[in-house]
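As structure tokens, the structure follows; a few thoughts come after it.
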Ligand SMILES: [Zn+2]
């Protein structure tokens, strides 16, 4: 059992591995990536604060939150998470990384949750992401976003004011290890967004792309290991069947798994 202060330097921790469907077995998809003393939370969906309690992680260990897109299983827990930080007497700045088209909505969401800067003892900074622009978080820890097609299905609503269709996949680099995280995708082509890079570790969602397509991408990308996430209860056996094809390299993730990235 790990204690509240025991986030080690370079690791990837699956906080939630479920899909958009609420489940008692899996929290919504979320990953905590730690490198060079920087702790980055990827997504903060509904129930993220309880997921932190389950993982026995202090809210105030988080330096930054990266939002992939605005489906509620990926962002709807954000105001509550900030409330937990406030109640736990946070003083360190919190950085929110998000695509530039999401900033207005998210800052208003925080404001309309009565989380005024004058009432908080810490600053909330926004860092706006652009495609292909690499963000360096600390020595040996960086990431690059690229837009995917997950939200293309809403294009017919493009005339609605202020609506963003931004959803990103990411390549993280920690101590030289390249991690491709699909995030939520629109189809198999999104799995190749970083095919120009060597991929050591691939983390793919399994809800919006077939297991066969993921397997093929894993082979073509020649990634070292594949973790499956965003798993609906009905898809558990399918994920297990895919892993059975190569148990040493394909692993269905579950909440609480920690991968050591010390290099
Ligand atoms: Zn999702």
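The values are calculated or read from the model by the stated rules, or taken from the named source; none is laboratory data. On a predicted model such as this, the values are computed, not experimentally measured, just so you know. Every residue, glycine among them, receives a Cβ derived from its backbone with ideal geometry; neighbour counts consider all protein chains shown.
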Item to check | Flag if residue 6 is at pLDDT 95 or above, away from the ligand (no atom under 12 Å from the Cβ), in a loop (DSSP other than H, G, I, E, B) and farther than 20 Å from residue 102 by Cα | outcome: no
Checklist outcome for this item: Reported set for region 92-120 where residues are loosely packed, with under 11 Cβ neighbours inside 10 Å and part of a loop (DSSP other than H, G, I, E, B) is 112, 114, 116
Next on the checklist: Which residue is nearest to the ligand (Cβ to nearest atom), if the candidates are limited to region 214-234 and must be surrounded by 18 or more Cβ atoms within 10 Å (Cβ to Cβ) and farther than 22 Å from residue 177 by Cα?
Outcome noted: 230
